[in-house]
Amino acid sequence: MRIDHYQWADEDPDLVLTAAVIPGVTIAEAVQLHGGDPAQLVSKPSAEAWPAPTPDGGQTFTVQFIELGTAVVAIEPGGWTGSIPEIARRGSRNGRYVAAYWSMSGAYRITEAEQGGVTAYFDPFAVGEPGGMGDRQPAWAADLALDIEQPNASCLAALEVRSDVAFQQEWLTSPQPTCQVPGPDRLLAGVDQAWTP
């Protein structure tokens, strides 16, 4: 794994995000997967897309989209919709969906799904320990060579290993198609087992 390639991800203490690789979709389809309206896309760099505190209690997120030809990368500054099992199920209809998430409070999550079924949902730094939060630890998780001193970089390296997509730092500084979307509580309201792998 190329953890050192992503060391920049641990240099900014305010960098919190979910990065998801969604196979076989267009940007418009990726926007709809997140509950957004493709007609509302604007171009912004990540620094401008970072959500400001809102009175709606986190019920509106911002997502950026990068089209790579055979997949779309969705980046959520400060958000976690892409790490939720139901989104992974929906996003995996055309192949392997992979997401990496980390929070300001030190939570980490790798989510993976194929053909509508969640195959992985776990804290990469708790592999081999009893699972919590409905964890699903796949056999390949034990082969990840993670570095707890570089946790964010480790998550991006794991994303690359499982998706074959190398996350680019410049995606966070160059303007990208950006859309406001409903937070996951609104987006998945009434969906049974949405957070269960």
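The values are calculated or read from the model by the stated rules, or taken from the named source; none is laboratory data. As the structure is a prediction and not an experimental result, all values here were calculated from the model. Note: ideal-geometry Cβ built from the backbone for every residue, glycine included; neighbour counts use all protein chains shown. Accessible surface is based on the protein model in full, side chains and every heavy atom, while ligands, DNA and RNA are left aside. Shrake-Rupley method; radii C 1.70, N 1.55, O 1.52, S 1.80 Å.
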Checked the stretch 81-104 for anything touching a Pro at 6+ places or on another chain (Cβ under 7 Å) and either free of Cβ contacts under 8 Å to residues at least 60 places away in the same chain or surrounded by fewer than 24 Cβ atoms within 10 Å (Cβ to Cβ) (or both); matches are P85, N94, G95, R96
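For the stretch 176-197, name all the residues that are assigned to a helix (DSSP H, G or I) and either among the hydroxyl-bearing types (S, T, Y) or surrounded by fewer than 23 Cβ atoms within 10 Å (Cβ to Cβ) (or both). Reasoning before the result, please.
Step one: of the stretch 176-197, the residues assigned to a helix (DSSP H, G or I) are 184-187.
Of everything in the stretch 176-197, those that are assigned to a helix (DSSP H, G or I) and either among the hydroxyl-bearing types (S, T, Y) or surrounded by fewer than 23 Cβ atoms within 10 Å (Cβ to Cβ) (or both) turn out to be D185, R186, L187.
Yes/no per residue for (1) more than 19 Å from P23 (Cα to Cα); (2) of a type outside the set (D, E, K, R):
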{"site": "P124", "(1), (2)": "yes, yes"}
{"site": "P130", "(1), (2)": "yes, yes"}
{"site": "R136", "(1), (2)": "yes, no"}
{"site": "L146", "(1), (2)": "yes, yes"}
{"site": "S154", "(1), (2)": "yes, yes"}
{"site": "V161", "(1), (2)": "no, yes"}
{"site": "E170", "(1), (2)": "yes, no"}
{"site": "T173", "(1), (2)": "yes, yes"}
{"site": "A189", "(1), (2)": "yes, yes"}
Residues of the stretch 142-175 being open to solvent by less than 70 Å² (accessible area, probe 1.4 Å) and in contact with a Pro (Cβ under 7 Å, 6 or more places away or on another chain), in sequence order, are L144, L146, S154, C155, A158, S174
Within the stretch 126-141, residues in contact with a helix residue (DSSP H, G or I) (Cβ under 8 Å, 6 or more places away or on another chain) and surrounded by 16 or more Cβ atoms within 10 Å (Cβ to Cβ) come out as V127
### Message
Condition check: within 16 Å of the chain's Cα centre (by Cα), at pLDDT 95 or above, of a type in the set (V, I, T) and part of a loop (DSSP other than H, G, I, E, B). Does V25 satisfy that?
### Response
yes
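Okay, residues lined up against (1) acidic (D, E); (2) more than 22 Å from I84 (Cα to Cα); (3) at pLDDT below 95:
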| residue | (1), (2), (3) |
| --- | --- |
| Q7 | no, yes, no |
| E11 | yes, yes, no |
| V31 | no, no, no |
| H34 | no, no, no |
| D56 | yes, no, yes |
